[in-house]
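The values are calculated or read from the model by the stated rules, or taken from the named source; none is laboratory data. As the structure is a prediction and not an experimental result, all values here were calculated from the model. Cβ: placed from backbone, ideal geometry, glycine included. Neighbour counts: every protein chain shown. Heavy atoms of the whole protein, side chains included, go into the accessibility calculation; ligands, DNA and RNA do not. Shrake-Rupley method; radii C 1.70, N 1.55, O 1.52, S 1.80 Å.
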Amino acid sequence: MIIGHAPAAYIAAAILHSKLVAARLPAKTFICAGLLGGVAPDLDMLYFHLIDQRQHHHHTYFSHWPIAWIGTLILSLIVYRQSDRSKAALLASAFCAAGVLHLILDSIVGDIWWFAPLVDQPYALFSVPARFSPWWLNFLLHWSFALELGLWAWAVLLYRRRSKASIHNQASASV
């Protein structure tokens, strides 16, 4: 995934907020936590380019280890349940759930080391053949990029629908 993580995180956080936590936190706060979690695993690109000099696949870094994201998600859910529904734990859960979603999306055409650090084996559902230069053209011209564009379309539609509902609710409340 190149451009699909943010819209996927938005979609997931908006749906989760409307179904599960609408009364606990403002939607903007919850969705912001989800958006940050959805892109957080790729912050390792700074290390990849600035320090590692692109010597190792950035999906091998700790920030792309599913055990880190799933473990932290479980921990935040436990804290949420044990701490009388802590808002901070709920935000951490949204952040971590979006991080897990990031790894699932990366697994479509990108290698993810699902059993790291125990097993040094990447897994991907499909591969993107290296036919073009620069490298990113291979992803833009692959069928999987249509999924990313679909995520953007869905996110924009959901955002517009939520914005209209918010305006309608504000108008109804002021009457």
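Please verify whether Trp154 is of a type in the set (Phe, Trp, Tyr), open to solvent by 90 Å² or more (accessible area, probe 1.4 Å) and part of a helix (DSSP H, G or I), treating the condition exactly as stated. So Trp154 passes the test. Can you say whether Leu46 is of a type in the set (A, V, I, L, M), surrounded by 13 or more Cβ atoms within 10 Å (Cβ to Cβ) and at negative phi, as far as the supplied structure shows? Considered against the rule, which asks whether it is of a type in the set (A, V, I, L, M), surrounded by 13 or more Cβ atoms within 10 Å (Cβ to Cβ) and at negative phi, Leu46 comes out as no.
Picking from residues in segment 106-125 that are over 12 Å from Pro66 (Cβ atoms) and among the acidic types (Asp, Glu), the one that is nearest to the chain's Cα centre (by Cα) is Asp111. In the set (1) in contact (Cβ under 8 Å) with a residue 40 or more places away in the chain; (2) open to solvent by 50 Å² or more (accessible area, probe 1.4 Å), Trp143 fails one condition alone, (1).
Under 7 Å by Cβ, and 6 or more places apart or on different chains, what pairs join a residue from segment 36-58 that is over 16 Å from Gly110 (Cα atoms) with one that is assigned to a helix (DSSP H, G or I) and open to solvent by 50 Å² or more (accessible area, probe 1.4 Å)? Final answer for the pair search is Leu36/Phe95; Gly37/Phe95.
So, Ser133, is that one open to solvent by less than 90 Å² (accessible area, probe 1.4 Å), out of contact with any strand residue (DSSP E or B) (no Cβ under 6 Å at 6 or more places or on another chain) and polar (S, T, N, Q) or not? When the stated conditions are applied, Ser133 does not pass them.
Counting only residues that are among the hydrophobic types (A, V, I, L, M, F, W, C), at pLDDT below 95 and open to solvent by 40 Å² or more (accessible area, probe 1.4 Å), segment 17-38 holds 3 of them.
Which residues, counting only those in segment 112-151, are small (Gly, Ala, Ser), within 28 Å of Phe62 (Cα to Cα) and in a loop (DSSP other than H, G, I, E, B)?
Initially, segment 112-151 is screened for residues small (Gly, Ala, Ser), giving 116, 124, 127, 130, 133, 144, 146, 150.
When the remaining residues are screened for being within 28 Å of Phe62 (Cα to Cα), the result is 116, 124, 127, 130, 144.
Scanning segment 112-151 gives Ala116, Ala124, Ser127, Ala130.
Candidates in segment 73-105 are the residues that are of a type in the set (Lys, Arg) and touching a residue at least 40 places away in the same chain (Cβ under 8 Å); of these, the one that is most open to solvent (accessible area, probe 1.4 Å) is Lys87.
For Pro41, state whether it is in contact with a strand residue (DSSP E or B) (Cβ under 8 Å, 6 or more places away or on another chain) and surrounded by 14 or more Cβ atoms within 10 Å (Cβ to Cβ). Criteria not met by Pro41.
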